[in-house]
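As structure tokens, the structure follows; a few thoughts come after it.
The values are calculated or read from the model by the stated rules, or taken from the named source; none is laboratory data. Keep in mind the model is a prediction, meaning the values are calculated, not measured. Every residue, glycine as well, gets a Cβ built from its backbone with ideal geometry; the counts of neighbours run over all protein chains shown. Only protein heavy atoms, including side chains, enter the accessible area calculation; ligands, DNA and RNA are left aside. Shrake-Rupley method; radii C 1.70, N 1.55, O 1.52, S 1.80 Å.
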Amino acid sequence: MKIAVWHNLPSGGGKRALYYHVRGLVERGHEVSCWSLDTADQSYLPLSEFAPERVVPVNLKQRRRPALVSWLAPWYSAAVERLRAFEDACKRCAEEIESAGFDLVFANSSIGYYVPFVLRHLRTRKVLYLQEPSRFLYEARPVLPWVASAPDELKNQLFGPRKLLADYPNSQTLRLQAKQEWLNVKACDRVLVNSYFSRESVLRAYGVAARVCYLGIDTTLFRNLHRERERVIVGLGSLDPIKRVDLAIRAVALLSEPRPPLVWIANSKNERYRGEMTELARSMKVDLQIRMMLSDAELVETLNKAALLLCTAELEPFGFAVLEANACGLPVVGVAEGGMRETIKDGVNGFLVEPDAESIAHAVEQLLRDPALAKRMGDAGGANVAQNWNLEQSIDGLEKNLMEVAGQLS
């Protein structure tokens, strides 16, 4: 097949998954060309290693705004301009893709907007691999954005004219973004997701029945090097509230002395949250070590030396880190939420626990006190990845879906 790939991904699990997908498709003889926006991370696992990649700029132009809009809510018009700039860049990508005569467009998620706007501007058959819906729009964190001012109404008048007028620009911006996402999802010939949990999330958000196409792990990279294990706990993921680093710190603080250090590995960070977590760890006497932008070799070495991986993320859609750690012979303690219920087999390759510090600390203590149990779970995890989560199976599933949509497989 002649396949156009589109993405606007940051560094992290989504980009790693796409990197594997593009590499696998090229290795199987498909002709692949890639498009991305200049807001994507081009340096992390670049697709240009396997296929040509065209980077399209997002031009944020300042347009004349109606005086009333600027006076009422300057942030509103700025948000709309960002949406418009992203839409314009996606249109340019679509025009270039359409002119090249591809059999299929394989689109992927986007920074900021998740569902790429390029989809509804394409006539070519198209498949979207959606790692997760725009969680900001559909999850209460701590309240849904549509009711973000609700806590203020505990003491204020809900139906006051000033309040309604002030809320209107924000609600209209959110509505416009949600409408864009819905239109683009509906424009797809098929939506693929990484877990049954994500399938349900997409169904709730967009009313679309997506297909699960599981991801795979590169076991030539993530593998057990049989290093001597150290009394160290590892966390893996962006340094952001959604990963609940605070919950990991509170759990480690409950461990018996001497407490192991908590090494948190991240490719991106919320600077304010980083400061808060550093202060929380200091106040709770937890040795928090933040390590940014490790190379793959450094990551694999760290996973091979640690005692266990701690996964505290809120509603994690898949749990890539679980399988990467297992492939390195590392057991996992994860909260029983989201896709981690599909990648962690409780009592086999790790423990699934309630999302509270006491439950997490109890499971962690079990593994720290019983190295033989930790090794059995790590070995079982490695075998599970090799048998059920390998790259070949992942590319098989993706290729089958793409060929069906392209009409090359009945």
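Observations, loosely collected:
- Listed by first and then second residue, the pairs linking a residue in segment 110-121 that is open to solvent by less than 50 Å² (accessible area, probe 1.4 Å) to a residue that is acidic (Asp, Glu) and not in a helix (DSSP H, G or I), with Cβ atoms under 6 Å apart and 6 or more places separating them unless they lie on different chains, form an empty list.
- Residue that is modelled with the highest pLDDT [pool: residues in segment 102-146 that are of a type in the set (Val, Ile, Thr) and more than 28 Å from Leu409 (Cβ to Cβ)]: Ile111
- Residue check for Val300: open to solvent by less than 60 Å² (accessible area, probe 1.4 Å), within 26 Å of Tyr44 (Cβ to Cβ) and either modelled with pLDDT of 95 or more or not in a loop (DSSP other than H, G, I, E, B) (or both): yes
- Taking the listed residues Ser99, Ser70, the one that is at pLDDT 95 or above, farther than 26 Å from Leu215 by Cα, among the small types (Gly, Ala, Ser) and out of contact with any helix residue (DSSP H, G or I) (no Cβ under 6 Å at 6 or more places or on another chain) is Ser99, with no other qualifying.
- Residue within segment 225-234 that is within 30 Å of Val405 (Cβ to Cβ), open to solvent by 70 Å² or more (accessible area, probe 1.4 Å) and either outside any loop (DSSP other than H, G, I, E, B) or in contact (Cβ under 8 Å) with a residue 40 or more places away in the chain (or both) present: no
- Ala306 vs. criteria more than 19 Å from Leu215 (Cα to Cα) and in contact (Cβ under 8 Å) with a residue 12 or more places away in the chain: yes
- Helices (runs of 4 or more DSSP H) enclosed by segment 309-392 - at least 1 residues per element that are at pLDDT below 95 and of a type outside the set (D, E, K, R): 320-327
- One residue stands out among those in segment 382-391 that are under 22 Å from the mean Cα position of the chain (by Cα) and not aliphatic (A, V, I, L, M): the one that is surrounded by the fewest Cβ atoms within 10 Å (Cβ to Cβ), which is Asn388.
- From the options Lys2, Lys15, residue that is among the basic types (Lys, Arg) and open to solvent by less than 10 Å² (accessible area, probe 1.4 Å): Lys15
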